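Everything on this sheet refers to the single structure shown next.
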């Protein structure tokens with residue numbers, strides 16, 4: 001059975017979502033041999049304006065490279081959650097930062113409100129690693145790509161900061177595992 005994953009990463013410029021999308025695409029394409037498509041949308045302001053990265057990962061050739069009904073949505077802001085969560089596919093995964101106060105109740109989706117920004121700032125003392133923390137959580141909550149492939153892509157893409165980013169990846173994965181345990185292991 002073939003699988004096509006549509007993933008949307010939405011937030012503000014400066015949160016590293018373009019890099020996160022690139023790492024996710026490279027992990028799936030280069031290290032797992034999947035077909036991938038990556039698109040990015042940026043506002044006019046590079047820092048603080050809207051930023052979105054869309055990644056499609058498929059076992060087969062991708063004939064339409066746009067995310068229409070995401071299987072996974074990472075929303076870093078309230079506005080992004082409000083705008084993009086209604087299009088989430090039934091059975092999808094919604095990951096929001098815990099600064100998002102109003103999370104829609106999507107009965108057919110797994111919803112996770114995680115302290116992504118706080119973990120990057122306080123645990124890792126590296127606010128710019130929030131994108132990698134989020135990727136670690138995403139990989140633990142949705143089997144779109146293995147953590148091993150993400151780790152290889154991180155080391156290849158960011159060799160000088162690989163050690164810190166690998167810690168960030170693990171912090172995100174642990175955070176997601178704790179959230180799943182709190183829900184009784186349900187997605």
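Taken together, the values in this text are just the output of simple stated rules run on the coordinates, not laboratory data. A quick note: this is a predicted structure, and the numbers were derived from the prediction, not measured. Neighbour counts are summed over all protein chains in view; Cβ atoms, including those assigned to glycine, are modelled from backbone coordinates with ideal geometry.
Brief remarks follow.
- Alpha-carbon Rg/Rh ratio, for the range 4-182, with Rh computed the Kirkwood way: 0.93
- Theoretical FRET efficiency, 1/(1+(r/R0)^6), r = Cβ-Cβ of residue 146 and residue 62, R0 22 Å, to 0.05: 0.65
- Two-site FRET efficiency, residue 39 against residue 99, from Cβ-Cβ distance with R₀ of 22 Å, rounded to 0.05: 0.30
- Per residue, the average separation of C-alpha pairs within less than 8 Å and at least 6 apart gives the range 4-182 a relative contact order of 22 percent.
- Two-site FRET efficiency, residue 163 against residue 118, from Cβ-Cβ distance with R₀ of 30 Å, rounded to 0.05: 0.90
- Estimated distance in nm for a label pair at residue 69 and residue 89, the labels positioned 7 Å out from Cα along Cα-to-Cβ: 0.8
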